[in-house]
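**Student:** Structure below; questions to follow.
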Amino acid sequence: MSSRPRAAWAIASILCLLAVLTIAGLSIRELLALPFRETNDRLHRESSPLNLDFLIPGGTYVDPAMTVGEVAKLRFRQPGHHMESLARQISTMIPDKYRVASALALYLFWSFLFVTFFRVFTWMRYSVAFMASLACGAAVYYFMPDPVLGRADDGAFLLGVAALIGAARWRSKRKKA
């Protein structure tokens with residue numbers, strides 16, 4: 001296959017993807033603009049297997065003028081679990097420097113576990129195992145609960161590892177040249 005049909009195929013694929021994403025976005029926007037109570041009542045009358053009851057937060061009055069999007073915002077804005085709110089309250093009582101130090105210790109702990117695994121069970125060199133373990137530790141740290149509230153520390157670990165790996169690759173390519 002020459003380069004022209006490949007380019008045409010790639011452009012057609014991208015255009016199809018954009019069309020599907022646009023249609024999905026417009027459909028979701030229209031769905032979220034529907035009146036909530038009227039839509040949910042109609043689904044109940046028709047005995048639909050799927051209704052919108054799961055979006056109603058407990059103890060909340062749903063006004064007849066509210067849309068599906070507004071009710072969904074109410075539902076997902078509230079903390080989902082009592083343990084999460086308890087952890088948030090306890091975390092705010094701990095001084096910032098201790099929370100940051102414990103976050104760094106947690107990240108280094110996961111990275112240490114990964115470097116140990118890579119060196120014991122694979123034939124990786126130390127440098128490759130170290131970089132891979134830092135990346136895996138950052139990924140695990142990103143998805144697990146941590147003492148620092150928010151996503152700033154998670155992003156900092158991921159970006160720091162990406163910068164470190166990029167600098168190491170640049171240095172090795174520069175050495176070879």
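The values are calculated or read from the model by the stated rules, or taken from the named source; none is laboratory data. Computed from a prediction, not measured in an experiment: that's the story for all the values here. Virtual Cβ from ideal backbone geometry, glycine too; neighbours counted across all protein chains shown.
**Student:** Would you call residue 153 more than 30 Å from residue 39 (Cβ to Cβ), modelled with pLDDT under 90 and surrounded by 12 or more Cβ atoms within 10 Å (Cβ to Cβ)? Before you say what the answer is, go through the steps one by one.
**Tutor:** On the way: more than 30 Å from residue 39 (Cβ to Cβ): yes; modelled with pLDDT under 90: yes; surrounded by 12 or more Cβ atoms within 10 Å (Cβ to Cβ): yes.
It is true that residue 153 is more than 30 Å from residue 39 (Cβ to Cβ), modelled with pLDDT under 90 and surrounded by 12 or more Cβ atoms within 10 Å (Cβ to Cβ).
**Student:** So, one more: Among the residues of the range 11-69 satisfying the criterion of being among the small types (Gly, Ala, Ser) and touching a strand residue (DSSP E or B) at 6+ places or on another chain (Cβ under 8 Å), which is surrounded by the fewest Cβ atoms within 10 Å (Cβ to Cβ)? Give the derivation first.
**Tutor:** First, pick out the residues of the range 11-69 that are among the small types (Gly, Ala, Ser): 12-13, 19, 24-25, 27, 33, 47-48, 58-59, 65, 69.
Pick out the ones that are also touching a strand residue (DSSP E or B) at 6+ places or on another chain (Cβ under 8 Å) and you get 33, 65.
Details: 33: 11, 65: 9.
The qualifying residue surrounded by the fewest Cβ atoms within 10 Å (Cβ to Cβ) is 65.
**Student:** Mind listing whichever residues of the range 108-150 are buried (at least 19 other Cβ atoms within 10 Å of the Cβ), within 18 Å of the chain's Cα centre (by Cα) and either among the hydroxyl-bearing types (Ser, Thr, Tyr) or on the phi > 0 side of the Ramachandran plot (or both)?
**Tutor:** 141
**Student:** Within the range 89-100, does at least one residue satisfy the condition of being in contact with a Lys or Arg (Cβ under 7 Å, 6 or more places away or on another chain) and under 26 Å from residue 137 (Cβ atoms)? Even if it seems obvious, please write down each step before you answer.
**Tutor:** At the first step, the residues of the range 89-100 found to be in contact with a Lys or Arg (Cβ under 7 Å, 6 or more places away or on another chain) are 91.
Checking which are under 26 Å from residue 137 (Cβ atoms) leaves us with 91.
Yes.
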